[in-house]
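Data first, discussion second: the structure below is written as structure tokens.
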Amino acid sequence: MTGPDAATRRPGPGRAHLITGIAELVTCDGPANSTPEERLGILRDVAVVVTDGRISWLGAASDAPACDSQADLEGRCVTPGFVDSHSHLVFAGDRSAEFSARMTGVPYDGGGIGVSMAATRAASDETLRRLVAARVAEMRSQGTTTVEIKSGYGLSVLDEARSLRLAHEVTPETTFLGAHVVPPEHRGDRTAYLDLVVGEMLQACRPWARWVDVFCEPHSPYAFTAEESRRVLSAGIAAGLLPRVHGNQLGPGPGVQLAVEVGAASVDHCTYLSDADIDALAGSATVATLLPGVEFSTRSPYPDARRLLAAGVSVAIATDCNPGTCYSSSMPFMIALAVAAMRMSPAEALLAATVGGARALRRSDIGRVYVGGPADLAVLDAPNHQHLAYRAGVPLARAL
Ligand SMILES: [Zn+2]
């Protein structure tokens with residue numbers, strides 16, 4: 001994930017940059033199978049050396065080596081940069097009127113995606129590239145250093161491939177979501193659209209995608225059934241993509257079971273879960289990714305995070321930044337919601353926003369701070385990580 005400040009904040013090749021004044025360094029690299037607070041791996045009064053974008057030294061501030069340049073954070077908290085494992089940043093158009101309508105009682109059924117699709121198809125590459133860059137910069141300015149970006153507002157061979165090509169310019173975590181909804185021109189023949197998705201569209205998108213995703217949601221007439229979703233995921237896997245699933249958002253459904261069945265890295269939303277869903281997740285490597293900004297923005301009931309955590313399920317939180325159900329790019333806001341609305345502890349929420357998101361992307365190199373790892377760091381205008389939820393809505397975090 002690159003941003004406009006990336007070039008200026010780093011010293012030249014081979015030059016060591018010392019960061020001091022860190023009151024609390026949350027490494028998220030504490031011992032596994034310990035309490036959430038221990039897993040935060042908090043170190044105090046430490047310094048960090050960054051060389052060529054990687055952490056080359058980490059230790060007590062009093063032992064810090066001499067470096068080519070230095071920055072004093074003056075008692076701030078540093079955490080791993082947030083890993084936003086679910087977003088839909090490639091879109092044009094404005095759906096604020098739909099949001100207002102929903103806030104006055106119009107229910108959400110997934111149909112508004114067609115509005116973004118029309119605007120996205122009509123936009124030039126240059127317009128879409130500028131919109132994506134602005135959204136990525138907005139994320140970085142709130143502490144996010146890795147973002148996953150899905151297609152899904154093109155819904156034609158050319159527009160899906162172009163969406164992924166543009167997303168791939170800013171992140172390696174790109175997801176083919178041709179099966180977001182059935183576009184209006186195919187509503188008379190769903191099977192023909194699915195044939196296109198698993199055929200020509202998949203082939204055109206494959207070079208720019210790491211992941212394949214599907215909106216498995218029988219409660220939306222525009223989304224996909226379990227059988228249709230299985231077909232999309234199987235085709236993606238056969239083409240070399242890794243599966244993830246939108247599931248159980250609008251009501252109980254087959255998404256979670258399907259995700260576990262195909263070995264998906266993550267099943268996202270998980271708003272309505274049965275006991276069998278929880279059992280399936282607990283016995284699997286599939287992460288439950290919670291997107292509380294969606295419930296906030298649609299006035300829906302929140303997922304039962306406590307039930308998932310009690311069962312030992314791996315939990316991530318992400319923004320789902322998209323024009324319809326949550327146009328927020330703020331991971332700190334999701335952390336605050338996770339704590340206040342989903343009853344997660346501040347430690348659980350921060351872990352879910354860092355190592356949890358990394359796990360949802362099958363990445364072990366990001367989401368934690370360690371020597372040799374990437375210098376993907378967030379700095380908080382606060383003395384400790386608890387302020388993220390404690391001072392909800394205050395812009396404390398930024399990518400370092
Ligand atoms: Zn989504």
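Would you mind finding the one in G21, G30, G3 that is at pLDDT below 90 and surrounded by 14 or more Cβ atoms within 10 Å (Cβ to Cβ)?
Numbers: G21 fails: at pLDDT below 90; G30 fails: at pLDDT below 90.
Going through G21, G30, G3 in turn, the sole match is G3.
Restricting to the range 167-183, what's the tally of residues that are assigned to a helix (DSSP H, G or I) and away from the ligand (no atom under 14 Å from the Cβ)? Before you say what the answer is, go through the steps one by one.
Here is the first cut: in the range 167-183, the residues assigned to a helix (DSSP H, G or I) are 167-168.
When the remaining residues are screened for being away from the ligand (no atom under 14 Å from the Cβ), the result is 168.
Residues in the range 167-183 being assigned to a helix (DSSP H, G or I) and away from the ligand (no atom under 14 Å from the Cβ): 1 in total.
Search the range 318-331 for residues that are assigned by TED's automatic domain parsing to the domain that holds S116 and within 11 Å of the ligand (Cβ to nearest atom) and pair each with any residue that is part of a loop (DSSP other than H, G, I, E, B) and β-branched (V, I, T) when their beta-carbon atoms are under 8 Å apart and the residues are at least 6 apart or on different chains.
C326/T319
Just one of (1) closer than 18 Å to Y327 by Cα; (2) exposed (fewer than 13 other Cβ atoms within 10 Å of the Cβ); (3) within 24 Å of the chain's Cα centre (by Cα) trips up P107, so point out which.
It is condition (3) that P107 fails.
So if I check each of A118, A134, A123, which one is surrounded by fewer than 18 Cβ atoms within 10 Å (Cβ to Cβ) and more than 20 Å from the chain's Cα centre (by Cα)? Steps first, please.
Numbers: A134 fails: more than 20 Å from the chain's Cα centre (by Cα); A123 fails: surrounded by fewer than 18 Cβ atoms within 10 Å (Cβ to Cβ).
Of A118, A134, A123, the one residue that is surrounded by fewer than 18 Cβ atoms within 10 Å (Cβ to Cβ) and more than 20 Å from the chain's Cα centre (by Cα) is A118.
Can you tell me which residue in the range 213-235 is surrounded by the most Cβ atoms within 10 Å (Cβ to Cβ), limited to those that are more than 16 Å from the ligand (Cβ to nearest atom) and at pLDDT 95 or above?
Here the answer is E228.
Counting only residues that are farther than 22 Å from D29 by Cα and touching a Ser or Thr at 6+ places or on another chain (Cβ under 9 Å), how many does the range 46-67 have?
1
If R343 passes every condition in (1) without any contact (Cβ under 8 Å) to a residue 60 or more places away in the chain; (2) crowded, with 24+ Cβ neighbours inside 10 Å; (3) on the phi > 0 side of the Ramachandran plot; (4) not β-branched (V, I, T) but one, which one does it miss?
Only one criterion in (1) without any contact (Cβ under 8 Å) to a residue 60 or more places away in the chain; (2) crowded, with 24+ Cβ neighbours inside 10 Å; (3) on the phi > 0 side of the Ramachandran plot; (4) not β-branched (V, I, T) is unmet by R343, namely (2).
Inspect the range 62-79 for any residue being surrounded by fewer than 16 Cβ atoms within 10 Å (Cβ to Cβ), among the polar types (S, T, N, Q) and without any contact (Cβ under 8 Å) to a residue 40 or more places away in the chain and give the result as yes or no.
Scanning the range 62-79 turns up at least one residue that is surrounded by fewer than 16 Cβ atoms within 10 Å (Cβ to Cβ), among the polar types (S, T, N, Q) and without any contact (Cβ under 8 Å) to a residue 40 or more places away in the chain.
Could you look through the range 286-317, keep only residues that are within 16 Å of the chain's Cα centre (by Cα) and in a loop (DSSP other than H, G, I, E, B), and pick out the one that is farthest from the ligand (Cβ to nearest atom)? Give the steps one after another, and end with the answer.
Taking the range 286-317 and keeping what is within 16 Å of the chain's Cα centre (by Cα), we get 286-295, 314-317.
If we keep only those that are in a loop (DSSP other than H, G, I, E, B) as well, we get 286, 291, 314.
Working: T286: 16, L291: 7, S314: 19 Å.
Going through the qualifying residues, I end up with S314.
At positive phi and within 16 Å of the ligand (Cβ to nearest atom), is that true of L164?
Working: at positive phi: no; within 16 Å of the ligand (Cβ to nearest atom): yes.
Taking the combined requirement at face value, the residue does not satisfy it.
Within the range 261-284, can one find any residue that is within 19 Å of G357 (Cα to Cα), surrounded by fewer than 20 Cβ atoms within 10 Å (Cβ to Cβ) and of a type in the set (A, V, I, L, M)?
yes
So which residues in the range 285-330 are at pLDDT below 95 and either buried (at least 21 other Cβ atoms within 10 Å of the Cβ) or touching a Lys or Arg at 6+ places or on another chain (Cβ under 6 Å) (or both), if there are any at all?
G324, T325
Pick from R206, R210, R165: which is under 20 Å from D268 (Cβ atoms) and modelled with pLDDT of 95 or more?
On the way: R206 fails: under 20 Å from D268 (Cβ atoms); R165 fails: under 20 Å from D268 (Cβ atoms).
Just one listed residue meets the conditions, R210.
So that you can scan it fast, the table gives a plain yes or no per residue for (1) free of Cβ contacts under 8 Å to residues at least 40 places away in the same chain; (2) more than 16 Å from the ligand (Cβ to nearest atom); (3) of a type in the set (S, T, Y); (4) buried (at least 21 other Cβ atoms within 10 Å of the Cβ):
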position: A349; (1), (2), (3), (4): no, yes, no, yes
position: A353; (1), (2), (3), (4): no, yes, no, yes
position: R359; (1), (2), (3), (4): no, yes, no, yes
position: V371; (1), (2), (3), (4): no, yes, no, no
position: Q386; (1), (2), (3), (4): no, yes, no, no
position: Y390; (1), (2), (3), (4): no, yes, yes, no
position: V394; (1), (2), (3), (4): yes, yes, no, no
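Please verify whether the range 137-151 includes one or more residues that are surrounded by 19 or more Cβ atoms within 10 Å (Cβ to Cβ) and without any contact (Cβ under 8 Å) to a residue 60 or more places away in the chain.
Taking the range 137-151 first, the residues surrounded by 19 or more Cβ atoms within 10 Å (Cβ to Cβ) are 139-140, 142-151.
Still in the running and without any contact (Cβ under 8 Å) to a residue 60 or more places away in the chain: none.
Checking the range 137-151: not a single residue is surrounded by 19 or more Cβ atoms within 10 Å (Cβ to Cβ) and without any contact (Cβ under 8 Å) to a residue 60 or more places away in the chain.
The values are calculated or read from the model by the stated rules, or taken from the named source; none is laboratory data. As the structure is a prediction and not an experimental result, all values here were calculated from the model. Neighbour counts run over all protein chains shown; Cβ positions are idealised from the backbone, glycine included.
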